[in-house]
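The values are calculated or read from the model by the stated rules, or taken from the named source; none is laboratory data. Note that this is a predicted model, so its numbers are computed, not measured. Here the Cβ positions follow ideal geometry from the backbone for every residue, glycine too, while neighbour counts run over all protein chains shown. Remember, those area values only see protein heavy atoms, side chains included, never the ligands or the DNA or RNA. Shrake-Rupley method; radii C 1.70, N 1.55, O 1.52, S 1.80 Å.
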Amino acid sequence: MLFTSFYSPASHWLCISFFLSCTVLLHLFKGFKWFEIKIRTPELVFIANPVKHVLKLLSLLVVISALWIGLLQASIIPQSHTWLLPIYFIVSLGCYGLFMVGVGLMRFPTCPQEALLLQQDIAEAKDFLKQKGVDVGSN
Amino acid sequence: MELADRAVGFLLTFTSLSIFTYYTFWVIILPFVDSDNFIHNYFLPQEYAILIPVCAGVVLLSLLCIFIGLVLLKSKKKKA
């Protein structure tokens, strides 16, 4: 089964060093602030230069998968560890997405003063329309 | 209400961080620990480190397909 056949600490160290070199490769994304993919206004999500960002992401994925497959084929990492890297990255991606959603929810700006001004505007508009004879008819 | 939003947000961040640390610990750190250490009692056997995300992903994909199928059927029924 996985992780039990011819496992050795040396091969595991190789996996770990591979993961760390992936973080070094993440310098492709130097200057891109991870925390800026958050909801700035309630309707829009901003990423600057989306096409360049997608291309960078794809190239990073290609490099990482090429290195991983190379390491597997050269029998440096045993075959039982094949699915270690992709599943770890997918799980961490899901965790990152969930984390961003939670942080965005916690920091959501509710603007209580604007809400009050809005209520006043609504009351004003209702009075105005009632004077002119239009029945607004809510509540 | 603002407080309910904050509570839900906090719950989400907490679960995501806990899942990430547990999974990292499980996959990366645990193979270095001796096999008769007490910490192994708190973690499932290592085969489940791959089975559980794969099963969860399969369940998620199937739920997605069921949802899409239901929506398509409902729209077709409305047109006919």
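Can you divide the C-alpha Rg of region A:68-132 by 2.2 N^0.38 Å and report the result to two decimal places? Present the calculation step by step, with values, prior to reporting the outcome.
Numbers: Rg = 27.6 Å, N = 65, 2.2 N^0.38 = 10.7 Å.
Against the compact-globule rule of thumb, the ratio is 2.57.
Based on the Cα gyration tensor of region B:1-58, what are the three equivalent ellipsoid semi-axes, each the root of five times an eigenvalue, rounded to whole Å and given largest first?
Over the Cα atoms of region B:1-58, the semi-axes work out to 30, 15, 8 Å.
For B:Phe14, what accessible area in Å² do you get when you roll a 1.4 Å probe over the heavy atoms of the protein chains, rounding to the nearest 10?
130
Roughly how crowded by other chains is peptide B:54-67, in terms of the mean Cβ count from those chains within 10 Å of each of its Cβ atoms? Mind dumping the intermediate values first?
Numbers: counts 3, 0, 2, 4, 0, 0, 1, 0, 0, 0, 0, 0, 0, 0.
Average neighbour count from other chains, rounded to a whole number: 1.
Given the peptides A:95-102, B:3-10, arrange them by the average over their residues of other C-beta atoms within 10 Å, most packed first. Walk me through the intermediate numbers first.
Working: A:95-102: 17.0, B:3-10: 12.8.
Final packing ranking: A:95-102, B:3-10.
In region A:94-111, what residues drop by 20 Å² or more in accessible surface going from the chain by itself to the full protein assembly, probe 1.4 Å?
Correct list: A:Cys95, A:Leu98, A:Phe99, A:Gly102, A:Leu105, A:Met106, A:Thr110.
Excluding ligands, DNA and RNA, what is the accessible area buried between chains A and B, summed over both sides, using a 1.4 Å probe, to the nearest 100 Å²?
Working: alone 11200 and 7450 Å², together 16330 Å².
About 2300 Å² of accessible surface is lost on pairing.
Hey, what angle do you get for helix B:2-24 against the long axis of chain B, alpha-carbon based, 0 to 90 degrees rounded to 10?
50
Peptide B:30-36: average number of partner chain Cβ atoms within 10 Å per residue?
Details: counts 2, 10, 4, 0, 0, 0, 0.
Shielding by partners across B:30-36 averages 2.
Would you mind working out the magnitude of the charge dipole of chain B relative to its Cα centre, with +1 at each Lys and Arg C-beta and -1 at each Asp and Glu C-beta, to the nearest 20 Debye?
1060
What is the list of residues in region A:72-99 whose amide nitrogen lies under 16 Å from a point 7 angstrom out from the Cα of B:Ile68, following Cα to Cβ?
Label zone hits: none.
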